[in-house]
Each structure stands twice: as C-alpha cells, then as structure tokens.
Amino acid sequence: MNITITGIGTISAIGNNCEETLLSLKNCKTGISKLEILKTIHNELPAGEVKLNYDQLAQLAQISDNETKVRTPLLGLIATREALKSAKLENTNDLRIAFISGTTVGGMDRMEQFYDDFTHNDTKNSFLYPHDIGDSSEFIADHIGIFSYVTSISTACSSGANAIILGAELIKNDRFDIVVAGGCESLSVYHFNGFNSLKILDNEICRPFDESRAGLNLGEGAGYVVLESDKIAKKRGIKPICKLSGYGNSCDAYHQTATSENGEGPYLAMKEALKISQLKPQEISYINCHGTGTPNNDLTESIAIKRLFGENIPPFSSTKAYTGHTTSASGGVEAVISILCIQKGFIPPNLNFKTPIETTGLKPITEFKNAEIKHVMTNSFGFGGNDSSLIFSNLN
C-alpha cells in the first residue's frame with residue numbers, strides 16, 4: 001500500500017499559504033525580523049513571526065468575532081483549511097477521516113497575558129480552557145467538522161513529524177481512510193524565556209551549519225498534509241502530489257536538550273526511514289535538515305549524515321533561516337516545504353552560510369537550484385532525543 005499526499009497547507013513567517021511560501025523560497029526571502037505582535041522584553045531577539053494580529057488571523061481562519069481567539073489553533077485552522085481544499089475533500093460521505101496535530105505550548109500565548117487576572121477576577125476565564133494542548137486540536141476539528149478521531153502529539157520539535165508518522169500507521173492498519181496530520185505552534189513569552197535560559201537564541205538571523213553559528217531564531221506557524229492510500233485517492237478521483245515512502249523515529253534519551261556526540265538518535269531515525277522506503281542512500285535527492293543553527297544540533301546532525309551517507313552526501317540545506325524554528329510545527333511546515341520541492345522541482349538554499357563546520361567540513365546548498373527531486377528526506381529532532389525523519393517521493 002502506498003501512502004499518498006493529496007493535499008498540503010501551511011502558514012509561517014514566509015507566507016500565509018503554500019503559494020506565498022513558495023514565492024519566498026524562490027526569492028530567498030527570510031521571514032525573520034524584529035517582533036511586532038508578541039510583547040516581550042526580549043525585543044533584541046529576531047524571530048519568524050506571522051505578521052497578523054488575533055483579529056486578522058481569525059478572519060483568515062474564518063471564525064466568528066465572538067469566539068475566543070488563541071493564536072496556536074488559529075494558525076492550525078488556516079493551514080488545515082488549505083490542505084483540505086487542495087485535496088478536494090468536499091464529499092466526505094462514507095470516509096473515515098482522522099486529525100492528528102502536534103503542538104507543545106497550546107494556548108500559552110493567551111494564558112500568560114492574563115495570568116495575573118485569573119487570581120483576582122474571572123473576566124478572562126475563557127482563556128483558561130484553551131491553554132491545554134488538546135484544546136487546539138479540538139478547536140480545529142470542531143470548525144472543520146469531518147473528523148471521527150482527533151488526537152494531539154507533544155514530542156517537542158518532532159511533534160509535527162510524529163503526527164504524520166502516526167497518520168501513516170493508522171492508514172496502513174486500516175483504521176482510517178484519510179488522515180490530516182501535521183503541527184501548529186505560536187510564539188509566546190514562555191518560548192523566549194525558556195529558550196533564552198538554555199542560551200541557544202541568536203541575536204542575529206541564524207546561520208545553520210556555519211562554523212560561526214550561535215543559536216536559533218524562534219518562529220511560529222502551522223503545516224498539515226492530507227494522507228490517504230493510493231486506493232482511496234483513486235476512488236475519489238484525486239491525483240496525489242507525491243507519496244510518503246519512508247519514516248523513522250528514535251529516542252536516544254542522551255540529554256534533556258542536547259543530541260549525543262555521535263548523532264546516534266538522528267542517525268537511527270534516518271536509517272529507519274531509508275529501510276522502510278527501501279531506498280538506497282544515494283537515491284535521496286535532497287535532505288531538508290533540522291538545521292536549527294545551534295552549535296550542538298548542526299554538528300551532531302552533520303555527523304549523523306556522514307555516518308549514514310558516507311562520501312556520497314546528497315544536496316542538503318536548512319530552511320530555518322527563512323521561517324525560524326517553529327518548534328512543534330516544524331515537522332509539518334518543513335514537510336510541506338519538502339513536498340513543494342518535489343512538486344516544483346527545486347532545492348532552497350541554506351541562507352547565511354559562509355564557512356563549513358571545521359569538524360565535518362560539510363557544505364549545504366547556498367544558491368537556489370532547479371532540480372528534479374525524486375526523494376526528499378526531512379528531519380525533525382526534538383528535546384529528549386525524540387528524533388524523526390520522513391521521506392517523500394515523486395510518483396513519476
């Protein structure tokens with residue numbers, strides 16, 4: 001059974017939909033800039049912020065004015081609507097459809113704004129319930145209205161990718177006909193304070209895989225894909241964009257926030273993805289790396305890539321200098337970017353790269369490149385060593 005992708009949707013700092021995202025990638029235009037929407041004392045830190053306020057997001061998400069507005073589910077609803085529209089899922093009669101969403105901070109963006117109010121008045125209590133991460137998924141599902149199963153995944157930065165893996169497994173085991181899967185996440189003060197305490201935020205736009213890299217830039221957004229078997233796609237008369245040919249997940253549990261020195265977790269995730277896809281390492285056309293720009297991640301991901309691919313390393317780059325690190329949404333956002341690479345035939349360059357990491361000497365793609373993309377590997381590595389890798393393949 002082939003697990004095909006029939007629809008994609010995304011929103012991030014480089015675009016409110018797939019078309020805008022594609023244009024930014026082709027023009028090598030970063031979405032990382034000074035914060036305008038989020039209010040924080042860390043104004044010196046650039047981020048990949050969606051430049052829409054709550055009311056503007058609500059309008060784009062097609063929700064009513066009197067509904068409680070929380071940023072994470074609004075971003076998720078916008079991307080989900082686009083994915084369903086591109087998959088032409090108008091008639092859902094007799095179809096078993098599930099929704100799996102990865103997120104971590106949930107409604108923290110509103111919770112932290114009114115934290116003090118909760119202690120002495122009840123005028124903001126409508127923002128208490130949406131704080132739970134599961135509420136974001138339920139909010140999206142309730143507004144779409146076609147899902148018979150809804151669940152949330154929270155494995156930090158691999159959440160979106162793991163949602164897609166679970167979706168594929170549910171279809172393979174004949175639990176559902178169609179699964180919409182991915183992730184959504186909004187920026188919050190909690191985000192900035194937490195990552196700043198780890199001393200891994202860069203005061204400049206990040207430089208993935210560069211010797212001078214100094215940290216990541218946080219981002220926000222959402223990305224979802226519509227998964228269905230080739231049999232169901234044919235029955236619906238829809239032409240798939242590509243297929244999910246392989247996936248792998250590992251958990252090396254080396255450290256709460258760091259990856260092991262030999263890149264064991266990333267190596268095992270990529271190796272398993274290749275095994276399931278039945279592809280040889282040299283058949284991978286492009287690697288969309290996790291590539292956060294932190295000293296630890298970029299070194300260990302490079303080491304893991306060298307362990308797996310040897311001397312025949314495919315073209316690779318990180319797109320986080322475009323979107324920022326959208327944390328739990330990154331697996332979904334970068335899955336969509338990877339699928340666009342297959343669909344439109346290109347490799348996005350690794351922005352701001354100048355000097356290879358001395359230990360590994362690897363050089364990412366630094367200029368926009370038109371290319372036939374047969375197989376894309378995209379990596380998402382989470383805290384605690386929860387690492388995931390997906391492979392999307394051209395159907396031609």
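The values are calculated or read from the model by the stated rules, or taken from the named source; none is laboratory data. All values derive from a computational prediction rather than experimental measurement. All Cβ positions, even for glycine, are placed from backbone atoms using ideal geometry, and neighbour counts span all protein chains on display. Note: accessible area is taken over every heavy atom of the protein model, side chains too, but ligands, DNA and RNA are not part of it. Shrake-Rupley method; radii C 1.70, N 1.55, O 1.52, S 1.80 Å.
How many residues are surrounded by fewer than 17 Cβ atoms within 10 Å (Cβ to Cβ), touching a residue at least 12 places away in the same chain (Cβ under 8 Å) and small (Gly, Ala, Ser) when one looks only at the stretch 351-383?
Residues in the stretch 351-383 being surrounded by fewer than 17 Cβ atoms within 10 Å (Cβ to Cβ), touching a residue at least 12 places away in the same chain (Cβ under 8 Å) and small (Gly, Ala, Ser): 1 in total.
Quick check on the stretch 373-384: of everything there that is at pLDDT 95 or above and in a loop (DSSP other than H, G, I, E, B), which residue is nearest to Lys280 (Cα to Cα)?
Once the filter is applied, the top-ranked residue is Lys374.
Mind listing just one residue for me: the one in the stretch 12-31 that is over 16 Å from Ala61 (Cβ atoms) and assigned to a loop (DSSP other than H, G, I, E, B) and, of those, most open to solvent (accessible area, probe 1.4 Å)?
Lys29
Is it true that some residue in the stretch 355-367 is within 30 Å of Ile100 (Cα to Cα) and among the basic types (Lys, Arg)?
No, there is no match, as no residue in the stretch 355-367 is within 30 Å of Ile100 (Cα to Cα) and among the basic types (Lys, Arg).
For residues that are in contact (Cβ under 8 Å) with a residue 60 or more places away in the chain and closer than 21 Å to Arg213 by Cβ, scanning just the stretch 188-199, find the one that is farthest from the chain's Cα centre (by Cα).
Filtering first and then ranking leaves Asn196.
Within the stretch 140-156, identify whether any single residue is assigned to a strand (DSSP E or B) and open to solvent by less than 10 Å² (accessible area, probe 1.4 Å), and answer yes or no.
No, the conditions are met nowhere in the stretch 140-156.
Among the residues of the stretch 79-110, which ones are open to solvent by 10 Å² or more (accessible area, probe 1.4 Å), outside any loop (DSSP other than H, G, I, E, B) and either in contact with a Ser or Thr (Cβ under 9 Å, 6 or more places away or on another chain) or closer than 21 Å to Lys234 by Cα (or both)?
Those that are open to solvent by 10 Å² or more (accessible area, probe 1.4 Å), outside any loop (DSSP other than H, G, I, E, B) and either in contact with a Ser or Thr (Cβ under 9 Å, 6 or more places away or on another chain) or closer than 21 Å to Lys234 by Cα (or both): Glu82, Leu84, Lys85, Ser86, Met108, Arg110.
Can you tell me which residue is nearest to Glu334 (Cα to Cα) among those in the stretch 213-236 that are open to solvent by 30 Å² or more (accessible area, probe 1.4 Å) and part of a helix (DSSP H, G or I)?
Asp230
Hey, among Glu272, Glu283, which residue is closer than 19 Å to Gly160 by Cα, at pLDDT 90 or above and surrounded by fewer than 19 Cβ atoms within 10 Å (Cβ to Cβ)?
Glu272
Out of (1) hydrophobic (A, V, I, L, M, F, W, C); (2) touching a strand residue (DSSP E or B) at 6+ places or on another chain (Cβ under 9 Å); (3) farther than 30 Å from Asn173 by Cβ; (4) at pLDDT below 95, the odd one out for Ala253 is which?
Single failed check for Ala253: (3).
Hey, could you check the stretch 157-185 for residues that are assigned to a loop (DSSP other than H, G, I, E, B) and in contact (Cβ under 8 Å) with a residue 40 or more places away in the chain and say which is nearest to Lys88 (Cα to Cα)?
Asp177
Cβ-Cβ below 6 Å, separation at least six or inter-chain, first residue in the stretch 97-110 and of a type in the set (Lys, Arg), second in a helix (DSSP H, G or I): which pairs?
Pairs found: Arg110/Phe127.
Can you find a residue in the stretch 300-308 that is of a type in the set (Gly, Ala, Ser), touching a Leu at 6+ places or on another chain (Cβ under 8 Å), modelled with pLDDT of 95 or more and not assigned by TED's automatic domain parsing to the domain that holds Ala141?
Looking for residues that are of a type in the set (Gly, Ala, Ser), touching a Leu at 6+ places or on another chain (Cβ under 8 Å), modelled with pLDDT of 95 or more and not assigned by TED's automatic domain parsing to the domain that holds Ala141, one finds at least one in the stretch 300-308, hence yes.
Looking at Lys344, Lys320, Lys306, can you tell me which residue is of a type in the set (Lys, Arg) and farther than 27 Å from Gly76 by Cα? I'd like the intermediate steps shown before the answer.
Values: Lys344 fails: farther than 27 Å from Gly76 by Cα; Lys320 fails: farther than 27 Å from Gly76 by Cα.
Checking each option against the conditions leaves just Lys306.
Could you list, in sequence order, all residues of the stretch 237-256 that are open to solvent by 60 Å² or more (accessible area, probe 1.4 Å) and not in a strand (DSSP E or B)?
Scanning the stretch 237-256 gives Gly237, Lys239, Ala253, Tyr254, His255, Gln256.
Pick from the stretch 157-205 the residues that are among the aromatic types (Phe, Trp, Tyr) and out of contact with any strand residue (DSSP E or B) (no Cβ under 6 Å at 6 or more places or on another chain): which of them is surrounded by the most Cβ atoms within 10 Å (Cβ to Cβ)?
Looking only at the stretch 157-205, we keep the residues that are among the aromatic types (Phe, Trp, Tyr), and these are 176, 190, 192, 195.
Filter again for out of contact with any strand residue (DSSP E or B) (no Cβ under 6 Å at 6 or more places or on another chain), leaving 190, 192.
On the way: Tyr190: 15, Phe192: 20.
Per the stated criteria, the residue is Phe192.
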